[in-house]
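One structure is given below, encoded as structure tokens.
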Amino acid sequence: MKSILNFLQEKGNLLALLLISLLMLSIPLKIISYGWTPTDDATRHTAFSTIDKEWSDIVVIKEGLGADHNPGWHQILKFLHKKLNVSKENLLKFSVIGLFLLVNLTGILVSPTPVCWLLSFLFVIICDLGVLFRFLLGRPYIISCAATLLILRLYALPNSNKEFGNRNKKIFRALAVSLAIALSTWIHGSFYLFLLIPLSFLIAGKIKESVQLFFCTLLGTVLGAIFTGDFFGFFKFHVLATINIFTEKTFNWLLVTEFASGVANTFCIIFIFAIITLCIYKKKLTIKELTSDPSFIMMLLSWLLSIMVIRFWIDWGRIALLFWLAYRFKDLIDSSKILDEPRVKYCLFIFAFLTVYFMCTNDGGGRYSKIVFDQPINFSEERLAGWAPEEGGIVYSDNMGVFFKHFYEYPSAPWKYILGFESAIMPDEDRKVLRRIGYNFRLPDEFLPWINKMTKADRLITIGPVGEFPQLEVIRGARNYWIYRLKTATDTANIASETASLATETVNLASSTSCITPVKTFAATETVNITTETSPPPTF
């Protein structure tokens, strides 16, 4: 694209591009150096890519929902593992560093200048530090974030139609968008979320662009599903899983955080309002231009939808905000004469550069380093001999963290997990048990339906103890994890023997009591009477 080539030809932009790219590379490297790693889906993606299994071999899945919904990402990771011999640990680092760098490099290239992206990123993490952690999670939805930034750059700017004026350029633009959506569909899935983009253009009054983007989304989705190699299974999973998630009759607070209700950070909203006011004051923006800006409408729409499902904001609204802010900062920079002075300009750049680095990488409160205390159970320890789930066994747990932590540690293990990466794919009866446990704050009795199904090969693994059960024995497997298993036949026999012995002792005691002499009986009675007479009367 001509505008990108023009800015790369300017020495200042090229230097800024290099420095900011190095900054975005150094941030995840520094964070990983504390021992931090993601604790959710990135771990299961990397573990899954090192073995030749289906998800139904790893998780107990409801019939019809066993398709891989991130096939492209797993194929990429499998290629790196098998062809380039990349270890499981390095696959995880690649996921974190590579995807963080990808979304930020895309942001740099679609922004008017690299500095504008730096400023946009800085002010968003000041208002809402959650955007940093979402970009660090090493999950394939970050591919969709990068694709969204590209689409907004190609279609959302006021001069987009002029930039792609002739027919060939417009075809190229449509094909680029279709390919970006196809890759995102193949790698990430959740294709239906891209419909937010043409809807935003429609609301912004860009009807022609909205129609084009709608058909690009359809084409990209079909191509992405074809790439998966399981066209119908791919769609079946996404449709049924989504229906299961949002039609389940349960309380919203029992859902995972991404699907729960919520609203954007209030400080972030105040900051957006302040930027709008300043741009209008500087005569760089009008209300008409604002309400005709698809990126602003997408941000507003995502915020509205996030009141019901917070993920609309954290994965789509924030991306639109970053893009929109980059162009607002360009307007403000152009209208400020003080930035023409080199000393001021370069000092502000250094300040922003260092602030981003310090805000992202400081380990205040152990936010990164404390993760090293959450270690999985080491079943090879001598004290845990016989406590690992056996072949064909099931790990019962009410927390996804048990699955993420232990599947990553033991990807080839011969057991399954009742709760994996999504509760919507659980068998219905087991999901009801999970909801009852959450609803009643982990009361021991709510675990009984699972305990009653357990076999000798199964284990109940929980984060923290959940009580005592007569049919189970328990051991603390690691700092945060407790393991429960059925008592052995020997234990049961010993319990029965102890019970019988206790019963015999009780009978003997009763027999010996019946042989007490009348004198002793009288004395005991007398003592009782005396005690009764000298005790104060009860008060009510």
Residue satisfying all of: in segment 162-185; farther than 19 Å from L218 by Cβ and free of Cβ contacts under 8 Å to residues at least 24 places away in the same chain; least open to solvent (accessible area, probe 1.4 Å) among these: F164
Inter-residue pairs, beta-carbon under 7 Å, first on the phi < 0 side of the Ramachandran plot and open to solvent by less than 70 Å² (accessible area, probe 1.4 Å) and in segment 188-216, second charged (D, E, K, R) and in a helix (DSSP H, G or I), 6+ apart: F201/E209
Contacts under 7 angstrom Cβ, first residue in segment 238-258 being assigned to a helix (DSSP H, G or I), partner acidic (D, E) and open to solvent by less than 80 Å² (accessible area, probe 1.4 Å), 6 or more apart: A241/E422
Unique match (being in contact with a Phe, Trp or Tyr (Cβ under 8 Å, 6 or more places away or on another chain), of a type in the set (D, E, K, R) and more than 30 Å from T113 (Cβ to Cβ)) among E391, E409, E382: E391
Within segment 128-144, tally of residues that are in a helix (DSSP H, G or I), touching a Leu at 6+ places or on another chain (Cβ under 9 Å) and not hydroxyl-bearing (S, T, Y): 5
For A260: the one exception among (1) over 30 Å from F329 (Cβ atoms); (2) open to solvent by 30 Å² or more (accessible area, probe 1.4 Å): (2)
In segment 308-331, the residues that are among the hydroxyl-bearing types (S, T, Y) and open to solvent by less than 30 Å² (accessible area, probe 1.4 Å): none
Those residues of segment 430-453 which are more than 14 Å from Y484 (Cβ to Cβ), more than 23 Å from the chain's Cα centre (by Cα) and among the aliphatic types (A, V, I, L, M), in sequence order: L443
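The values are calculated or read from the model by the stated rules, or taken from the named source; none is laboratory data. Quick caveat: nothing in here was measured; it's all calculated off a predicted structure. Cβ: placed from backbone, ideal geometry, glycine included. Neighbour counts: every protein chain shown. With ligands, DNA and RNA removed, areas are computed over all heavy atoms of the protein, side chains included. Shrake-Rupley method; radii C 1.70, N 1.55, O 1.52, S 1.80 Å.
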